1. Which value, in Å³ per residue, describes the convex hull spanned by the Cα atoms of the range 1-88?
2. Averaged over all directions, how much area does the convex hull of the C-alpha atoms of the range 174-238 cover when projected, in nm²?
3. Would you please calculate the Kirkwood hydrodynamic radius of the range 68-146 over all C-alpha pairs and express it in Å, rounded to one decimal?
4. Enter the angle in degrees (range 0 to 90, nearest 10) between the Cα long axis of helix 145-156 and the first principal axis of the Cα atoms of the chain, meaning the one along which they spread out most.
5. Helix 204-222: angle to the longest alpha-carbon principal axis of the chain, degrees 0 to 90, nearest 10?
6. To the nearest 500 deg cm²/dmol, what mean residue ellipticity at 222 nm is calculated for the chain from DSSP H runs of n ≥ 4 alone, each contributing -39,500 (n - 2.57), summed and divided by the residues?
7. Semi-axes of the equivalent ellipsoid for the range 147-187, please: Cα gyration tensor eigenvalues, times 5, square-rooted, ordered largest first, whole Å.
8. Suppose we keep just the DSSP beta bridges with both residues in the chain; what percent of those would be antiparallel, to 5?
Ligand SMILES: COC(=O)COc1cccc(COC(=O)c2cn[nH]c2)c1
């Protein structure tokens, strides 16, 4: 998988060399390249933003630098790459979306700042490649970089070969649509708190049954809307 990131803070992504993805990069499984948007400006101040048409507070990111930056990555014709733009106005980022991104051969992330990127950038590239506006949650960040980091980690770890033991990817929250069960390890008693006896029983069937019950109970309490039989508009009981 190739990942390109366009941002005014390219060094923000240096940390990707350290984390889980560091190994994936060394082994060539995931090829991450960052691009400084300011490299695609031509004025002395390397301007990437300007005042919004129609007035209003804040600044909007100019389309020209984005056009030059994105063309330098996907060329000036149709592309099979997927352009991902983190924005509060996007579709919710879920484990399912993470799996969809993990299946892509080439991802291009556009990190917006200020009040956003001139809409014509999205409109222009939608005419030659797939574009997905994705929201990490209902809150506003100062820029897309943090959101892109989260998406790269969530999708990258699903790329075959990145995580040592693929088994560990299966029993995770949201993988089967439910929240994950509570986990325990040694010691059997810690500050007077015991591990649930069923987990020490060695009876795998009962352990699996208990874990499933825990998943359903925890999901019902914290995220009832995730339950398969949840009526519309269900609110958490916790
Ligand atoms: C067309 O898209 C754009 O213009 C994107 O522009 C911006 C502007 C400011 C901040 C961001 C970063 O995304 C979020 O804040 C975000 C994502 N998920 N939840 C919050 C993006």
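Derivation of every value follows stated rules applied to the coordinates shown; laboratory data play no part. Owing to the predicted nature of the structure, the values given are computational and were not obtained by experimental measurement. FYI the Cβ positions are ideal-geometry reconstructions off the backbone, even for glycines, and counts take in every protein chain you see.
1. Cα convex hull per residue, to the nearest whole number: 144 Å³.
2. One quarter of the hull surface, i.e. the mean projection, equals 5.5 nm².
3. Roughly 13.1 Å, rounded to one decimal.
4. Approximately 50 degrees, to the nearest 10.
5. The angle comes out at about 50 degrees.
6. Rounded to the nearest 500, the figure is -8500 deg cm²/dmol.
7. Those come to 21, 14, 11 Å.
8. 20
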